[in-house]
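Structure first, then comments.
The values are calculated or read from the model by the stated rules, or taken from the named source; none is laboratory data. Quantities reported herein were computed from a predicted structural model and do not represent experimental measurements. Note: areas computed on protein heavy atoms with side chains; ligands, DNA, RNA excluded. Shrake-Rupley method; radii C 1.70, N 1.55, O 1.52, S 1.80 Å.
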Amino acid sequence: TSALPNEFLPGGIYAVSKDMALLTGSCQNEDGTPSRLQLYAITDKGKTLSALLNKDIEQGGKSARFSTFSKYDDKVFFMVEDGDTTTLYELVYGNMTVRMTGQFTCDPWNSALILNDGKIVVARDEGFIAFYSNFGTHLYDLSTDGSVSALYAGNDDFYFLDATAQTVNEVG
């Protein structure tokens, strides 16, 4: 839409409810590297666009990205990877406020999400899923046979896409 900056490159969309979706993306430098990660709320059947987050990226932040969004009760949880720093956020979609809830150092990930018990799940290309506490303390790893390319939140569990076998697997 015309409300987005000219240099905005859409990244993904997440439906929060039948009346609201979240649009992720980044603004690009002239050399094509991302300069800012941005999050917008789309409401009013696509007629209203509201900026929720505009985060500057570290220099050379080619790995800057949003995690998978997880909705629990009236909040949406997500993380932002920027270099070796992962920042945790929560969005209370009743009043549309985003607040940072924590930050920790983590190896680069290809997918991540926050579970309903507060644990953080991080998937890496090497075929394992790492579990962290909500304070960023490494708890344990779960080894998989393939390459985990995406994580998805469930009610009391989560799912991962095995890119090698092209299967979806549940972890409860």
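Okay, here's what the table says:
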| read-out | value |
| --- | --- |
| Over 18 Å between alpha carbons, listed pairs Lys18/Lys71; Lys45/Lys75; Lys47/Lys75; Lys55/Lys119; Lys18/Lys55 | Lys45/Lys75; Lys47/Lys75; Lys55/Lys119; Lys18/Lys55 |
| Cα pair count fraction exceeding 24 Å, expressed as % - the chain | 37 percent |
| Whole-number Å³ per residue for the convex hull built on Cα positions in the stretch 91-172 | 104 Å³ |
| Over the stretch 25-74, equivalent-ellipsoid semi-axes from the Cα gyration tensor in Å | 25, 15, 8 |
| Gain in span if fully extended, Leu49 to Leu9, counting 0.36 nm per residue against the direct Cα distance | 12.9 nm |
| Residue-by-residue Karplus 3J(HN,Hα) for the stretch 108-119, coefficients 6.51, -1.76, 1.60, Hz, glycine and proline x | x, 10, 9, 7, 7, 7, 10, 7, 5, 8, x, 5 |
| Distant-in-sequence amide H partners of Asn29 (H built 1.01 Å from N, under 5 Å) | Ser35 |
| In order through the stretch 130-141: 3J(HN,Hα) via Karplus (6.51 cos²θ - 1.76 cosθ + 1.60), integer Hz, x for Gly, Pro | 9, 10, 10, 6, 6, 9, x, 7, 5, 9, 6, 10 |
| Computed lengthening from Phe135 to Thr164, 0.36 nm per intervening residue step minus Cα-Cα distance | 7.3 nm |
| Long-range amide H partners of Gly83 with built H, under 5 Å | Ser63, Ala64 |
| Residues of the chain: accessible area per residue with a 1.4 Å probe, Å² | 53 Å² |
